[in-house]
Amino acid sequence: MTDDERVDGTESGVAETDRRAHAVTLHRPTHREVLWQVEEAFERGDMVTLFGRCTVEYDGRAASTLGLGNRLVILKPDGAALVHTDEKRTPVNWQPPGCEHHAAVRDGQFRIRSERTTPAETLDVRFEQVHQFSALSVTGGRDLDLQGSEEDLRQHILDDPDLVESGFLPLATERETSAGPVDIYGEDDDGAAVAVELKRRRVGPSAASQLQRYVAALRAEFGDGAAVRGILVAPSVTDRAAALLEQHDLGFVALDPTTGRPPEGDEE
């Protein structure tokens, strides 16, 4: 058996395995041991994580090299590959879904190679030492059920426009202006135009300034003297935001995006 051979199968006693969850973990494995487990994980469609001392080389639309260091490498069954360091939330290097992962032991190193053809790109990770390996059968929950979004807030208002104020009539969503799209555009009980800006979290002065720009854009569009109002809808605002809203004669309505009601403590 040479270093360039690939080996399939699992050596008894090498890995700790939870058969119900199909989780396999190796601590400080030899290159040969981790190769066996990686090949098995690829066959099962597991997500693979490797932590160890490695170099990383990328060749494609550009070229980059990372010198020797301890890094976390994640290989997903959809073909994505991620290389993480100890900084930031985004990987320092990565390959998108659709790539092919290959594993081998060559020249005394454990090597992971992630490739795609269109465009031609290669990510080559060479481990001097693998400190930890895991193969995980991560499934389910792929479609994120996001609750409390701005879209939820929009739907609450469209279902019950009086949440903004009595007599409010929505006429359009994402209504274009020279300052950008207004979340909900409508008219109040007196026929004045109303721009409603939605925010799913507590907001500061930037949200008030954004709403003011929409109001100014609509006034410029409709001509001098046009009656245009602005209302910010969010769970809460900072003191500075509240002062800015008052300065520009803009309204504020406190609504929880999940429930469509005033946040607890704000109800009358």
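What a 1.4 Å probe finds exposed on the stretch 63-128 is 47% carbon and sulfur by accessible area, rounded to a whole percent. Does anyone have the angle between helix 31-44 and the longest principal axis of the chain? Alpha-carbon axes, 0 to 90°, nearest 10? That helix lies at roughly 50 degrees to the long axis. Just so you know, the averaged projected area of the alpha carbon convex hull for the stretch 27-162 sits at 11.3 nm². Expressed as a whole percent, the accessible surface of the stretch 198-258 that belongs to carbon and sulfur atoms is 45, based on a 1.4 Å probe. The amide H of GLY230, built 1.01 Å from its N in the peptide plane, has ALA195, GLY251 as neighbours under 5 Å, considering only residues 5 or more places off or on other chains.
Note on the chain: dipole from Cβ charges, positive end direction compared against GLN247, VAL130, ILE74; the farthest Cα belongs to VAL130.
Before I look further, what does the chain give for accessible area per residue, probe 1.4 Å, in whole square angstrom?
Here the per-residue accessible area is 56 Å².
For the chain, the longest principal axis of the C-alpha atoms and the axis of helix 150-159 are separated by about 40°. Within the chain, all pairs of alpha-carbon atoms sorted by distance into 10 Å bins from zero give the percentages 6, 23, 19, 10, 16, 16, 8, 2, 0.
The values are calculated or read from the model by the stated rules, or taken from the named source; none is laboratory data. Bear in mind the structure is a predicted one, so any value in this text is a computation, not a measurement. Quick reminder, even Gly has a Cβ in these numbers, built from the backbone with ideal geometry, and neighbours come from all protein chains shown. Heads up: the accessible areas ignore ligands, DNA and RNA and are worked out on the full protein's heavy atoms, side chains in. Shrake-Rupley method; radii C 1.70, N 1.55, O 1.52, S 1.80 Å.
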